[in-house]
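So the structure is just underneath, and the comments pick up after that.
The values are calculated or read from the model by the stated rules, or taken from the named source; none is laboratory data. Just so it is clear, the model here is predicted, and its values are computed rather than measured. FYI the Cβ positions are ideal-geometry reconstructions off the backbone, even for glycines, and counts take in every protein chain you see. Only protein heavy atoms, including side chains, enter the accessible area calculation; ligands, DNA and RNA are left aside. Shrake-Rupley method; radii C 1.70, N 1.55, O 1.52, S 1.80 Å.
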Amino acid sequence: MDPLHDSAVAIATAVNRGEMSAADVAETVIPHVARIDAQVDAYLQLTPELMRAQARRVDARIAAGERLPLAGVPVAIKDNMCLDGTRTTAGSKILGNFVAPYTATAVQRLLDAGALPIGKTNLDEFAMGSSGENSAFKKTRNPYDLERVPGGSSAGSAASVGAFAATLSLGSDTGGSIREPAAFCNVVGFKPTYGRVSRYGLIAFASSLDQIGPFARSVEDAALAYDAIAGKDPLDATSIDRAAEPTAANLPRDLRGVRVGIVKEFDTAGLGTSIDTCYRNAYDELAALGAELVEVSLPTAKYGLATYYLIAPAECSSNLARFDGVRYGLRVDGADVGEMYERTRAAGFGPEVKRRILIGTYALSSGYYDAYYLKAQKARTRIAEDFARAFELCDVIASPAASSPAFGFNAKSDPVAMYLMDYYTIPVSLAGLPSLSVPCGAVVPEDGTRAMPMGLQLASPLFTERALLGYAHAYEQATRHADKLRPVTEGAR
Ligand code: GLN
C-alpha cells in the first residue's frame, strides 16, 4: 500500500487490517507533503504533531479491535473550519492570530472516523472568491500548471488533493467553492444538500447557502468522506434530521435508463469551441453509457448570479459584523470604541470582503430592503421551482462546473468577470441541491500550452446524494478522465 497515492478506501482497508499502522502513514506523508507544498502552497499551516498524536490514537483503537471507516486516511481541512487549539484564519488578516477553542462537527466526525489531520488549507478570504487570490496570506498554485490559479474559494483543499498532498480534504461551498476548484484541479468535489452536513464550527459566510463537503480523487472516496460527516447535529439548528443512507458501500454504477437533463439555457457555445466540445463530449459519453438525454428548461437560472450577489452579501454583512476587534482576532486601537471598530475593520478585511459588506449593508438598509433583498428571495424561490419542474422530466442535471479551465494569476481584474466563473453552480446552490463536479476531460486554454482539467457538474433533487454519487461513479469508472492528466508536481514523488 502506498499512502501517498492510494485511495482513502485502500488506506483505510490496509490500516484496519494491520498491514500498515496509522503512525507509519503519518511518517510517510509528513515529509512528502512538505516537499509538494513548497511548490503548490496549498496549506496555511501543517499540523504534524496533531497528525502524529491522532495516528497513535487510531492505532490504539485498532489494536483494541475497532474498525474505522477512515483509519489512517490523511486529510486536509479548509482554514474556515475550527480545529481545537490551532490557528483558524478564514484566509483573513482579521483572524490572523485566532486560535480555535473547539472543533467543527464535520472535522470532529472525520477524526472520530480515524482520519489524520495534515493541516489547514488556504482559501479566498472568508470563502469569497473563485480563484484563491483573495487570500490575505498566499497564492496557492494549480498543481496542473503552477502559473495558474487552483480555483476558489476552497483553493488549498482542491490543490492539495490534486497534487497528491492529501488523500481527502474538506471544503465549503456557498455558490460553487467546492465544485469550481475541483474542476480546476482534476478532482471530485461534492456539495451535499443544504443542511446535510453540520455548519457548527464553520466560519459563516452566507448561512442559508454554506455547506461543507469533501474533495477526493475518486467518487468512491468522496462518498466515504461524506458518510463520515453527514447527519443531524444538535449544535446546528439547520442541520437536517433525516437518516442519510450510507453511500460508499455499493455505489450504484449504472447509467442505463437514467434521464439526464441538459439545460436549454446553459448553451456552452459561447464559451469557445474547445470548451464547448469538451462539455458536449461529456454529454455524449453519458448517452453512450445508456443515459437518456432530455432537454430541460431553467428559465430563471439566468437571474442566479444577480440573486446570489444580493443574498450572499446581505448575509455576509450580518455575519461579519462580529469581527469588531472586541471578541476575535485583530484589534487596532482608536480614540474611542467607534474608531477602534473602524480601524480594526479597515485594516483587517481585504477589498473583496469590504465590497461584499458594502453591497449587503446597502441591500438590507431600510428603503432598499424590499427592492433588493426581498426581491432576491422571491427570485430564489422561482429558481428552486424551476429545478423542481425540471426534475419531473429527469433524474439528474448535467452542466459545466465552471465557465472555463483554470486561468492565470491576475487574469480577472473585474469582479464581475470573477463572479461569472460560478454561473452554473450558483443556481444549484440557491436551490439547495446536492451537486458535484467530476473530471470530464481537458482543454488547452487559449493563453496556454498545457491541457488543463475540466469538470462536469451533476445536480440532483434534494436528499438524493446516493443516486447522485452513483451516477458520477458510473461516469468516472467508464471514462477515467482524471487518470489522463498528471500534476506537474509529481516530480516530488
Ligand atoms: N465564488 C463565489 C463567491 O465568491 C462562491 C464562493 C463560495 O462558494 N464560497 O461568492
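When the alpha carbon coordinates of the stretch 357-493 are projected onto the principal axes, the ranges are 58, 40, 26 Å, largest first. Which GluC sites (Glu not before Pro) from the stretch 1-74 combine a DSSP loop assignment with at most 12 other Cβ atoms within 10 Å? Loop-located and lightly packed - E19, E66. In the chain, the DSSP beta bridges split such that about 65 percent are antiparallel, to the nearest 5. Taking all Cα-Cα distances within the chain, those exceeding 39 Å account for 17%. Max-minus-min Cα coordinates of the stretch 310-416 on each principal axis give 63, 40, 24 Å, with the largest extent listed first.
Under the classification rounded if a/c is under 1.5, otherwise prolate if a/b is larger than b/c and oblate if not, where does the stretch 243-314 fall, given a ≥ b ≥ c as square roots of the Cα gyration tensor eigenvalues?
Taking the square roots of the gyration eigenvalues as a ≥ b ≥ c, the stretch 243-314 is oblate.
Between A60 and H5, the modelled label-to-label distance comes to 3.5 nm, taking each label 7 Å out from Cα in the direction of the beta carbon. Quick note on the stretch 86-243: its Rg to Rh ratio, both from C-alpha atoms and Rh being the Kirkwood radius, is 0.94. Evaluated on the stretch 355-416, the Kirkwood hydrodynamic radius is 15.3 Å, with distances taken between all distinct Cα atoms. Pairs exceeding 19 Å between alpha-carbon atoms, taken from K264/K302; K191/K354; K378/K412; K302/K375; K191/K302: K191/K354; K378/K412; K191/K302.
Accessible surface computed residue by residue for the chain, with neighbouring protein chains in place and a 1.4 Å probe, gives 36 Å² per residue.
Near the amide H of T121, within less than 5 Å, lie the amide hydrogens of L44, I77, K78, D79, all on another chain or at least 5 residues away, with H placed in the peptide plane. Within the stretch 1-102, the proportion of C-alpha pairs whose separation exceeds 22 Å stands at 37%.
Of the accessible area of the chain, computed with a 1.4 Å probe over protein heavy atoms only, carbon and sulfur atoms account for 52 percent. Label separation (D447 vs L393): 3.7 nm, computed from points 7 Å beyond Cα along the C-beta direction.
Is the C-alpha gyration tensor of the stretch 181-322 telling us rounded, prolate or oblate? Criteria: a/c under 1.5 is rounded; beyond that, a/b larger than b/c is prolate, otherwise oblate.
Oblate, because a/c is 1.5 or more while a/b does not exceed b/c.
The tail of the calculated P(r) for the stretch 44-108 beyond 17 Å holds 48 percent of all Cα-Cα pairs. The H on the amide N of L293, modeled in the peptide plane, is under 5 Å from the matching H of V260, each at least 5 residues off or on a different chain.
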